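The values are calculated or read from the model by the stated rules, or taken from the named source; none is laboratory data. In this text the structure is predicted, and so the values were computed from the model without any measurement. We place every Cβ from the backbone using ideal geometry, glycine too, and count neighbours over all the protein chains shown. Surface areas here come from the heavy atoms of the whole protein model, side chains and all, with no ligands, DNA or RNA. Shrake-Rupley method; radii C 1.70, N 1.55, O 1.52, S 1.80 Å.
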Amino acid sequence: MPENKSGSPQLRDEDNHNFIPMWLLAELTYACPVQCPYCSNPLQISANRKQELTTEQWIDVLSQARELGAVQLGFSGGEPLVRPDLAVLIQEATSLGFYTNLITSAIGLDAAKIAAFKAAGLNHIQISFQGSNQESNKKFGGTDSFRHKMEMTSEVIRQEIPLGLNFVLHRQNIHQVGEFLETAELLGAEFVELANTQYYGWAKHNQQGLLPSRKQVEDAERVTNEFRSRHKGSMDVFFVAPDYYDDRPKKCSNGWATTFITVTPEGDVLPCHAAKVIPGLDFPNVKQHKLSDIWQSSDLFNKYRGTSWMVEPCASCPERMIDLGGCRCQALMLTGDAANADPVCSLSPFHDRVTKITDRASGEFDSNEPVPLLFRNMKNAEQFNQDQS
């Protein structure tokens, strides 16, 4: 496969149907003790946990995904610790040959569970923080869990399971980047992801209060780079900027239906975890269809796969094989049509819709007068869904 100017593999039109789902995201449950204002779960989710896949059904999904070629597995949610069968699923995934990662808020975690997960073969744990201290973590997550997160982070390291920390950044906490990094260094994390909020789903609703200014992003990147230069080799730090401040779009999950596959708690199969925001799509379910058939033949997975679906200017763009058109959800939310060029791209005829948003965010952040946020909980979610219907 040829390479692009960055040195990474570049797709060709004739490669469009030779993809393997290397990464499976198993969203075990949408039940969650955290109330993040940037929650990435679908806007409309079932509150009936009886509809979740059973242990046996999840084991069958894992087996089918492994047969398709998946090697990386993320146990996610909601909060995956809510599932009492988590250790069983980890053990089964290990026996199938997956590299397993637990993505958790650490709420509900304890030393005994960590030991059980390690015995089951868990390869990695990622713990998310909503703030750099007890006050801000409670403010943006709705739970008084900071000390527990710190304790569990230390316990994971003590039990010698590779650990990563995830800090979600936004307008009201991005100035804490230096504190986040100092906390991670103190705890001894192997890597840190400083992930700026991306604006779809619940985060789109709170965009005005969450989108940082360009100066805030630049300052945070500078602090991150200074930290990297002082701590070379001791900890990997990844800074993920908001899409809105790029002039070229990122691939949608490395390209729609090319690398990633997501299975929801009820068994729906998605090419990206946010795909349900796109209306008019039929989402096949593992209770009725084989994963291989869904991946290879379903209308959903082939709708935006490759490049044949593209409209102008993407269809004739020389960079179309690099970004594969960008994010379909972003195109929908900003233009009303998921097939349009991602407005993040400076070549898109809709790029001004992004610049108008970033221009509105250009003012200085005043910590004493933050924009109110709507936090994700069942009451707010129900009201939000009623307002949208």
Handout entry: region 320-364, residues that are hydrophobic (A, V, I, L, M, F, W, C), part of a loop (DSSP other than H, G, I, E, B) and crowded, with 17+ Cβ neighbours inside 10 Å
Key = L324, C327, A338, A341, V344, C345, F350, A361
Problem - Set G255, G267, G280, G233: member being at positive phi and at pLDDT 95 or above - result: G267
Handout entry: Tabulated pairs, region 128-156, first more than 18 Å from L374 (Cα to Cα), second acidic (D, E), C-beta under 6 angstrom, 6+ apart or interchain
Key = S132/E179
Fill in the blank from the handout: Among strands (runs of 3 or more DSSP E) entirely inside region 62-163, those with 3 or more residues being open to solvent by less than 20 Å² (accessible area, probe 1.4 Å), within 27 Å of K50 (Cβ to Cβ) and at pLDDT 95 or above are 72-76, 99-104
Exercise for the section: Among residues belonging to region 45-61 that are touching a residue at least 60 places away in the same chain (Cβ under 8 Å) and part of a loop (DSSP other than H, G, I, E, B), point out the one that is nearest to the chain's Cα centre (by Cα). Expected result: I45
Handout entry: Test result for K287, part of a loop (DSSP other than H, G, I, E, B), surrounded by fewer than 16 Cβ atoms within 10 Å (Cβ to Cβ), out of contact with any Pro (no Cβ under 9 Å at 6 or more places or on another chain) and at pLDDT below 90
Key = no
Handout entry: Those residues of region 251-272 which are crowded, with 22+ Cβ neighbours inside 10 Å, in contact (Cβ under 8 Å) with a residue 60 or more places away in the chain and not in a strand (DSSP E or B), in sequence order
Key = C252, G255, W256, A257, T258, T264, P265
Practice task
Of the numbered conditions (1) of a type outside the set (F, W, Y); (2) in contact with a strand residue (DSSP E or B) (Cβ under 7 Å, 6 or more places away or on another chain); (3) crowded, with 16+ Cβ neighbours inside 10 Å; (4) modelled with pLDDT under 95, Q198 fails exactly one; give the number of that condition.
Solution key: (2)
Practice task
Go through region 296-319 and give me each residue that's open to solvent by less than 30 Å² (accessible area, probe 1.4 Å) and either in a helix (DSSP H, G or I) or of a type in the set (K, R) (or both).
Solution key: L300, F301, R305, C314
Practice task
Give the residue that is nearest to G336 (Cα to Cα), with candidates limited to residues of region 176-195 that are out of contact with any Pro (no Cβ under 9 Å at 6 or more places or on another chain) and open to solvent by 50 Å² or more (accessible area, probe 1.4 Å).
Solution key: E193
Completion exercise
Of the residues in region 95-113, those that are farther than 17 Å from I161 by Cβ and over 24 Å from the mean Cα position of the chain (by Cα) come to S95, L96
Practice task
Go through region 201-240 and give me each residue that's closer than 22 Å to S348 by Cβ, surrounded by fewer than 18 Cβ atoms within 10 Å (Cβ to Cβ) and of a type in the set (A, V, I, L, M, F, W, C).
Solution key: V240
